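Chemist: Shown below is the structure under consideration.
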Amino acid sequence: MAPLKDSAGHALTGATGVALDAFEHAGHQLRCFIGDPVATIDRAIEAAPGMTMAHALKAWLYLLGTEPDGLPVARACIEQGERCGGDARERAHLLAARRLYEGRWREAGRILEDLSARYPRDALALQAGHQIDFFTGDSRMLRDRIARVLPAWSEPLPGYHAVLGMYAFGLEECGEYDAAEACGRRSVALERRDGWGWHAVAHVCEMRNRADEGIAWLTQDCAAWSEDSFFAVHNWWHLALFHLDRGDTDQVLALYDGAVRGGQSGVVLDMIDASALLWRLALLGTDVGDRWQALADRWAPLATAGNYAFNDWHALMAFIGAGRRDAQQAVLESLRRQAAGGAGDIARFAREVGLPAAEAMLAFGQGRYRDAVRLLRGIRHEANRFGGSHAQRDLIDLTLLEAAVRAGDGPLAMALAQERLARRPHGQLPRRLLERATQAARGCRVPAAA
């Protein structure tokens, strides 16, 4: 008997009707970042233990969160899927997942790139590849991986909203802001629960310093992107950044204490947002009280995880803020081991950016501002190599500017502040930073803001 097919017409080895329905629903949840796709795909596996793509989807769910504890689960899923057999498309999914499990991020992305060229309507291959492009900082592929398949998609096809949302984010990361905003808004118009589409438009507003528009965009329907969403914290983080740009510090702290950290999430991606927000607040002179301590407690079990340098960098911020020297040293030693690990992507992430970025943050935290300036200037134009978005990596530029001010390097501080204002002329934060740099350039003693 011929295997059942998914909504895009792809054969699904080992599927049953019940399992197919659960598989389709889990895919929808993943595309929108809502619900519990792990529980849903587990129902598919229970109904059809021999369904190859159910195991592949579960593997991707555990791999794309960059959680160290997810790796053994992902490996078991890959191995079970391989035992189930499957056609060329299904085997390619499992091979790509295996390469990502092994830390060979770019090879996994290339396998998925070829898979999408042959099967352009494979939404899971597109989304997994898009996320890998994000984690490797490949802005061009964030856009072009999706651009290549657009002719194969149209509005009636399930998941078209997600294709538009991914394309919107890729366009934004490539600086094509008008097209990005149009695609992102269209994505949300088609599917109001598409958290990635909401997120793409928020990024456009962030990069253009349109704080008021960003707040209006996200607050018009908070429930759509926040309720029952495992991506909600990141969009709340974007809302907090808009308030930070306006100088609404009390509102930023309220968002941190509520939506960003209120649930005391131990999810790595959520803790990244928490670290980044507190560091920004501290750079601007805000007393964050004992918030660093609680966050450092949550990062503590992952201090030596060593599976993704971008995560380690954010863990270190929390340990610096909390004054935990042993944990700081543990992160640095872990990054040094990663950097010495050879030619793999994990080693490359640490060696090229992760380790010098961590050393720079530690120098800043210890008051060695000239060292921080030197280290940050060395990586700021290459920081995409360890992943993240422009908005996330902006922390490097913000820290560099403040380090220049505190080091008494007025000319550099002014140059950096003017550069920022030229790129972001509409925001209030660039003007506040320029005022601070101007003081330093005049030879005034500028007290540490944090």
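The values are calculated or read from the model by the stated rules, or taken from the named source; none is laboratory data. Bear in mind that the values here come from a model prediction, so they are computed numbers and not experimental data. Quick reminder, even Gly has a Cβ in these numbers, built from the backbone with ideal geometry, and neighbours come from all protein chains shown. Accessible surface areas use protein heavy atoms only, side chains included; no ligands, DNA or RNA. Shrake-Rupley method; radii C 1.70, N 1.55, O 1.52, S 1.80 Å.
Chemist: Considering all alpha-carbon pairs of segment 174-278, what whole percent are spaced by more than 21 angstrom?
Modeler: Cα-Cα pairs of segment 174-278 separated by over 21 Å account for 31 percent.
Chemist: Loop sites only, by DSSP: take the trypsin sites (Lys or Arg not before Pro) in the chain that have at most 12 other C-beta atoms within 10 Å and name the longest stretch containing none of them.
Modeler: That gives 1-441 as the longest site-free run.
Chemist: How much length is gained if the chain between R325 and A254 is pulled fully straight, taking 0.36 nm per residue apart and subtracting their Cα-Cα distance, in nm to one decimal?
Modeler: Separation in residues times 0.36 nm, less the Cα-Cα distance, equals 22.7 nm.
Chemist: For E79 and H381 in the same chain, what is the full-extension length gain: residue separation times 0.36 nm, less their Cα-Cα distance, in nm?
Modeler: Here the answer is 104.8 nm.
Chemist: Please report, in whole Å³, the volume per residue of the convex hull around the C-alpha atoms of segment 282-358.
Modeler: Residue-normalised Cα hull volume stands at 75 Å³.
Chemist: Okay, next question. Can you give me the Cα centroid spacing of segment 60-133 and segment 397-427 in angstrom?
Modeler: Measuring centre to centre over Cα atoms gives 41 Å.
Chemist: Moving on. Restricting things to alpha carbons, find the Rg to Rh ratio for segment 344-450 using the Kirkwood radius for Rh.
Modeler: Result: Rg/Rh = 1.00.
Chemist: Using only Cα atoms, figure out Rg for segment 115-179 and give it as a multiple of 2.2 N^0.38 Å.
Modeler: Computed over Cα atoms of segment 115-179, the ratio equals 1.02.
Chemist: Also, quick follow-up: Using a 1.4 angstrom probe on the protein heavy atoms only, line up D114, D87 by accessible area, largest first.
Modeler: The ordering from most to least exposed comes out as D114, D87.
Chemist: Between segment 341-382 and segment 198-238, how many Å separate their Cα centres?
Modeler: One Cα centre to the other: 30 Å.
Chemist: Follow-up. How big is D, in µm² s⁻¹, for the chain by Stokes-Einstein at 4 °C and 1.567 mPa s if Rh is the Kirkwood radius over C-alpha pairs?
Modeler: In µm²/s, the coefficient is 58.
Chemist: Here's a follow-up. Defining a contact as two alpha carbons under 8 Å apart and six or more residues distant in sequence, what relative contact order in percent does the chain show?
Modeler: 11 percent
Chemist: Just to check, using Stokes-Einstein with a Kirkwood Rh over alpha carbon pairs, what's the diffusion coefficient of segment 11-148 at 4 °C and 1.567 mPa s in µm²/s?
Modeler: Answer from the Stokes-Einstein relation: 88 µm²/s.
Chemist: Checking the a/c ratio against 1.5 first, then a/b against b/c, what shape does the Cα gyration tensor give for segment 218-283?
Modeler: Taking the square roots of the gyration eigenvalues as a ≥ b ≥ c, segment 218-283 is oblate.
Chemist: If you don't mind, another one. Quickly work out the Q264-to-E102 label distance, labels modelled 7 Å from Cα along the C-beta direction, and quote it in nm with one decimal.
Modeler: Between E102 and Q264, the simple spin-label model gives 4.1 nm.
Chemist: If the elastic network links every pair of Cα atoms under 10 Å, which of E82, E206, E181 fluctuates the most in the Gaussian network model of the chain?
Modeler: E82
Chemist: Would you kindly calculate the translational diffusion coefficient of segment 125-216, applying Stokes-Einstein with the Kirkwood radius from alpha carbon pairs, for 37 °C and a viscosity of 0.692 mPa s, and quote it in µm² s⁻¹ without decimals?
Modeler: Rounded, D is 256 µm²/s.
Chemist: If R₀ is 45 angstrom, what is the calculated FRET efficiency for the pair R432 and R148, using the beta carbon separation as r and rounding to 0.05?
Modeler: 0.60
Chemist: Something else now. Considering Cα pairs under 8 angstrom that are at least six residues apart, work out the relative contact order of segment 250-402 and quote it in whole percent.
Modeler: This gives 18 percent for segment 250-402.
Chemist: What accessible area per residue comes out for the chain, rounded to a whole number of Å², with a 1.4 Å probe?
Modeler: 38 Å²
Chemist: Further question on the same structure: With springs only between Cα atoms under 10 Å, which of P49, P151, P68 fluctuates most in a Gaussian network model of the chain?
Modeler: Evaluated over the chain, the most mobile residue of the options is P151.
Chemist: Please list, in order along segment 113-123, the HN-Hα scalar couplings obtained from phi with the Karplus expression 6.51 cos²θ - 1.76 cosθ + 1.60 (θ = phi - 60°), rounded to whole Hz, x for Gly and Pro.
Modeler: 4, 5, 5, 5, 5, 8, 10, x, 9, 7, 5
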